[in-house]
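The values are calculated or read from the model by the stated rules, or taken from the named source; none is laboratory data. Not measured: the values here are computed from a predicted model. A quick note on method: Cβ atoms are made from the backbone with ideal geometry, for glycine too, and the neighbour counts reach across all protein chains shown. Just so you know, the surface numbers come from the protein's heavy atoms only, side chains and all, with ligands and any DNA or RNA stripped out. Shrake-Rupley method; radii C 1.70, N 1.55, O 1.52, S 1.80 Å.
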Amino acid sequence: MLRLILTLSLVLLSQSVDYAGEKLNVLFIAVDDLRPELGCYGSPIAKTPHLDQLAADGLLFNRAYCQQAICRPSRASLMTGARPDTTGLYHNYVSLRELQPNILTLPEHFVANGYDAAYCGKIFHQGDTDDGRSWNRESVKRLDGIRKPKGGYALPENLKMKSDNMKSMLAKYGEAARRGLAAGPAYEKADVAHTDYVDGYNTAMAIATLKEMTQDNETPFFLAMGYKLPHLNWCAPSKYWDLYDANDIPMADETDAPENGAAMGLHASFELRTRAGIPKIGPLSPELSRKLKHAYLASVSYVDAQIGKLIAALEDAGVRDNTVIVVWGDHGWHLGDMGVWGKATNYEIATRVPLMIWAPDMKVRGVTTDALVELVDIYPTLCELAEIKVPEHTEGTSFKPLMNNPNQPWKKAAFSQYPNPALREWAANPLSQGMRETWFGPLIEQVEERIINQQGKAWDRELFEQHLMGYTMRTDRYRLVIWKDHRDPSASPIYVELFDHANDPNETKNIANEHPELTSQLMTQWNAGWEAAR
């Protein structure tokens with residue numbers, strides 16, 4: 001009898017260990033300001049071998065869209081599975097927990113279902129890390145023999161320039177200057193090690209954290225790694241700059257605003273213009289534009305190399321074949337497209353994002369799908385892959401079925417939004433007095449004049465600065481942008497834009513007035529909401 005009990009106990013113990021070992025881990029990789037400028041997305045120039053390899057063995061989403069093209073709202077939406085109109089978070093200067101103290105985040109839900117969850121780098125927006133709630137395990141905080149980078153730059157002269165500029169602006173504007181009114185150069189090329197910049201250092205921390213988490217084979221992990229680049233400033237080791245011949249870099253094909261487009265649809269590249277050496281008004285020179293795109297590409301290649309190190313660490317730990325890997329960008333980025341440098345618009349170039357996923361049991365590999373998906377879909381997808389119940393509050397659709405059949409009928413539309421880009425700061429918050437008093441005053445006056453000339457009697461400063469929201473819907477063929485008073489959902493639109501991607505993939509001409517019946521049909525579809533598009 002005793003031998004039978006011992007035998008049964010060993011069997012049960014073995015079963016419990018096997019079950020724990022079979023539970024999928026999650027490697028959750030976020031990349032800031034990354035548009036689909038990757039080899040696997042057809043970029044003729046980007047050197048991204050590690051992401052290309054991941055896509056070649058996983059599923060690549062060709063038409064994935066963020067819910068708002070700015071960091072904090074986009075990340076809050078993805079991490080909660082709820083859209084901006086639900087979270088109420090539309091700009092970078094309000095925290096998620098101020099508005100949604102009880103909402104269940106993605107890692108918090110995984111923790112509640114038996115996972116260890118930790119993060120390195122930027123997952124939520126700065127100030128919104130949700131420590132002690134979304135995460136139940138601290139990442140490694142120190143690396144022996146490696147100094148933590150400080151200040152963003154590796155070169156002393158650039159660190160000094162940033163410090164001097166900040167001191168000057170603090171003396172003039174007080175603490176308001178810390179909201180981006182002073183900065184150093186937009187880019188840096190330095191002959192330094194990959195850990196001398198924060199993304200390389202954080203990757204090393206994530207690898208050390210992974211080693212700790214995999215020591216306990218009975219507890220599945222949710223490890224999040226967030227890359228700052230290619231967010232400004234574009235600082236990368238020289239070796240990644242040297243991957244590119246500047247003369248071979250293709251520049252933006254369309255640098256004009258859309259014909260008949262909304263005057264409030266584009267901003268004046270405020271975020272870039274705060275950087276030292278960037279003109280505060282007027283167009284950028286061709287030489288500077290090329291240098292900036294070179295810097296962006298070098299940053300992308302640097303991040304790609306770090307992701308390669310992280311995935312290799314999974315293999316070294318022996319857990320690569322039992323780990324879901326998802327890589328996503330929080331929004332796109334204009335690199336001179338439509339004459340704009342930055343994120344923060346409702347157009348394709350800002351709302352379309354890179355997204356790829358790899359899982360052990362997926363039936364298709366190395367395939368690209370044109371199904372319309374959204375970042376808000378990641379939450380329910382990871383839940384289903386991990387066989388965890390999807391919380392009722394989530395507003396996305398699991399794209400797990402696409403991992404087995406990527407060409408099946410799917411969503412009818414993807415939805416994004418952004419408050420008036422032209423009269424908002426780059427963090428999507430209303431214009432501050434500091435913005436008006438600095439070198440941006442003339443730019444703001446130009447933008448206002450453009451809007452007034454177009455909108456005529458509809459112009460109202462409080463409405464356009466505080467309450468105007470642009471809602472955009474991307475269908476298989478069209479992009480519809482509706483500009484309306486956010487306070488009154490039933491109000492008629494102030495302006496409407498329509499772009500035909502079959503004939504105008506760069507969105508160069510608004511055809512809403514030329515096709516009133518089609519525009520009306522699409523507005524009816526938009527009014528039905530995201531629920532009807534599932």
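Annotations
- For the range 239-321, averaging the sequence separation of C-alpha pairs within contact (under 8 Å, six or more residues apart) and dividing by the residue count gives a relative contact order of 44 percent.
- Spin-label model, ARG365/GLU315: points 7 Å from Cα along the beta carbon direction are separated by 1.3 nm.
- Of ASP196, ASP128, the order by accessible heavy-atom surface (1.4 Å probe, DNA, RNA and ligands excluded), from most exposed downward, is ASP196, ASP128.
- Relative contact order of the range 115-196, taken over Cα pairs closer than 8 Å and 6 or more residues apart, is 27 percent.
- LEU99/GLN433 FRET efficiency (R0 22 Å; Cβ-Cβ; nearest 0.05): 0.35
- Our estimate of slack between GLU157 and LEU288, defined as 0.36 nm per intervening residue step minus the Cα-Cα distance, is 45.2 nm.
- When the square roots of the Cα gyration tensor eigenvalues are ordered a ≥ b ≥ c, the ratio a/c for the range 269-401 is 1.5 or more and a/b exceeds b/c, which makes its shape prolate.
- For the chain, calculated [θ]222 nm from helices alone, where every DSSP H run of n ≥ 4 adds -39500 (n - 2.57): -10000 deg cm²/dmol
- Site-free segments of the chain were taken between GluC sites (Glu not before Pro) in DSSP loops having at most 16 other Cβ atoms within 10 Å, sites themselves excluded; the longest one is 1-137.
- FRET efficiency estimate (nearest 0.05) - Cβ-Cβ, GLU218 to SER238, R0 25 angstrom: 0.05
- Heavy-atom accessible surface of PHE464, to the nearest 10 Å², is about 0 Å², with a 1.4 Å probe and all protein chains retained.
- Label-to-label distance, SER520 versus ARG142, with points set 7 angstrom from Cα along the beta-carbon direction: 7.0 nm.
- For the range 424-533, the relative contact order is 14 percent, taking Cα pairs closer than 8 Å that sit 6 or more residues apart in sequence and dividing their mean separation by the residue count.
- Within the accessible area of the chain, the carbon and sulfur atoms contribute 50%, probe 1.4 Å, all protein chains present.
- For the range 424-533, the solvent-accessible area with a 1.4 angstrom probe is 48 square angstrom per residue.
- Across every pair of non-identical alpha carbons in the range 424-533, the mean reciprocal distance, once inverted, gives a Kirkwood radius of 15.7 Å.
- Of the whole protein surface, ARG487 contributes about 140 Å² of accessible area at a 1.4 Å probe radius.
- Pairs from LYS189/LYS211; LYS160/LYS189; LYS291/LYS343; LYS148/LYS291 whose Cα-Cα separation, in the structure shown, is over 22 Å: LYS189/LYS211; LYS148/LYS291
- Taking THR214, THR508, THR323 and ordering them by how much accessible surface each has at a 1.4 Å probe, largest first, produces THR508, THR214, THR323.
- A Förster radius of 22 Å combined with the Cβ-Cβ distance from LYS172 to LYS280 puts the calculated FRET efficiency at roughly 0.90.
- Size descriptor, Kirkwood hydrodynamic radius, that averages inverse alpha-carbon separations across the chain, Å: 24.1
- Here the chain carries DSSP beta bridges of which approximately 50% are antiparallel, counting only pairs with both residues inside.
- Label sites at ALA532 and THR255, each approximated as a point 7 angstrom past Cα along Cα to Cβ, lie 4.2 nm apart.
- Solvent-accessible area of ASP164, all protein chains in place: 70 Å² (probe radius 1.4 Å, heavy atoms, ligands and nucleic acids excluded).
- Per residue accessible area in Å² of the range 99-185, where ligands, DNA and RNA are left out and the probe is 1.4 Å: 55
- Of the DSSP H helices in the chain, those whose Cα atoms cover at least 27 Å axially and whose Kyte score averages -0.5 or more: 2-22, 286-316
- Once the Cα-Cα distance is subtracted from the 0.36 nm per residue extended length, the ASP57 to ASN113 segment shows a gain of 17.3 nm.
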